[in-house]
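The structure appears below as structure tokens.
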Amino acid sequence: MTTTLPVKISFSLPDGWQAAPPDEVGAPGAAFVALHPASIDGGFTANITISGEMRNDGATLSEIADESVPRLEQAGTVRIIKKVDAGTPDIPGLTDPPGILQNLVLSTTLRGEPVELCQSQLYLGMEDVHSPAKRAVLEFVLTAKQNQLDEVIDDFRQFLRTVRPADDTEA
């Protein structure tokens, strides 16, 4: 079942990306999915997903990023390639401190064939102004095969640069 984000955000998709219903593309826990049809390879389409939740447990964004590993390990072997603070001019954070960017590789199967999927995950936290102990944590994920990555990684960065808290007057 498609979820909703705990806060409203706005963003723009780069050219060549199309929104898709999360339930229909096998991402029922996501609030938003975008596909890059030009990148289809062996039945896999590079995609961007957005999900989020409210947290009040005091976990750091780095610890929250770590939580994605056991989730993904249900589908195969996971290797973390890189984990860094985000919030540079290329990837502006929505909060202070900045977000966490984590790159990993998932070795799994697709239609019975072995495949390695690369993920670039960005975690951003937005504190509740009325209750600082609570915050929304948003997860933005690019998933692509290694040979698709060069074609879509710059689009993902471009997409992340457009993410902003939505003005209450925005639809």
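The values are calculated or read from the model by the stated rules, or taken from the named source; none is laboratory data. Worth saying up front: this structure is predicted, and the values here are computed from it rather than measured. Heads up: the accessible areas ignore ligands, DNA and RNA and are worked out on the full protein's heavy atoms, side chains in. Shrake-Rupley method; radii C 1.70, N 1.55, O 1.52, S 1.80 Å.
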Would you give the gap between the C-alpha center of segment 1-69 and the C-alpha center of segment 145-164, rounded to a whole Å?
-> 13
Please list the radius of gyration and Dmax for the chain, considering alpha-carbon atoms only, with Å as the unit.
-> 15.7, 49
Under a GNM of the chain (C-alpha, springs under 10 Å), which listed residue has the highest mean-square fluctuation: Gln102, Gln158, Gln119?
-> Gln158
Along principal axes, Cα extents of segment 98-171, largest first, whole Å = 49, 25, 23
Rounded, prolate or oblate: pick one for segment 1-80, where a ≥ b ≥ c are the square roots of the eigenvalues of its C-alpha gyration tensor, a/c under 1.5 means rounded, and failing that, prolate if a/b is larger than b/c, else oblate.
-> oblate
Taking a ≥ b ≥ c as the square roots of the Cα gyration tensor eigenvalues, with a/c under 1.5 meaning rounded and otherwise prolate when a/b beats b/c or oblate if not, segment 1-47 comes out oblate
With Cα atoms, 0 to 90° folded angle of helix 146-162 axis to the chain main axis = 20
The chain, relative contact order [Cα under 8 Å, separation at least 6], % | 25
Å² per residue, accessible surface of the chain at 1.4 Å | 54
Of all accessible surface on segment 104-171 at a 1.4 Å probe, what whole percent is carbon and sulfur?
-> 48
Of the lysine pairs in the chain, how many meet both conditions: Cα atoms under 25 Å apart, and a spacing of 8 or more in sequence or different chains?
-> 4
Considering only protein heavy atoms, with the full assembly of protein chains and a 1.4 angstrom probe, order Met126, Met54 by accessible area, largest first.
-> Met54, Met126
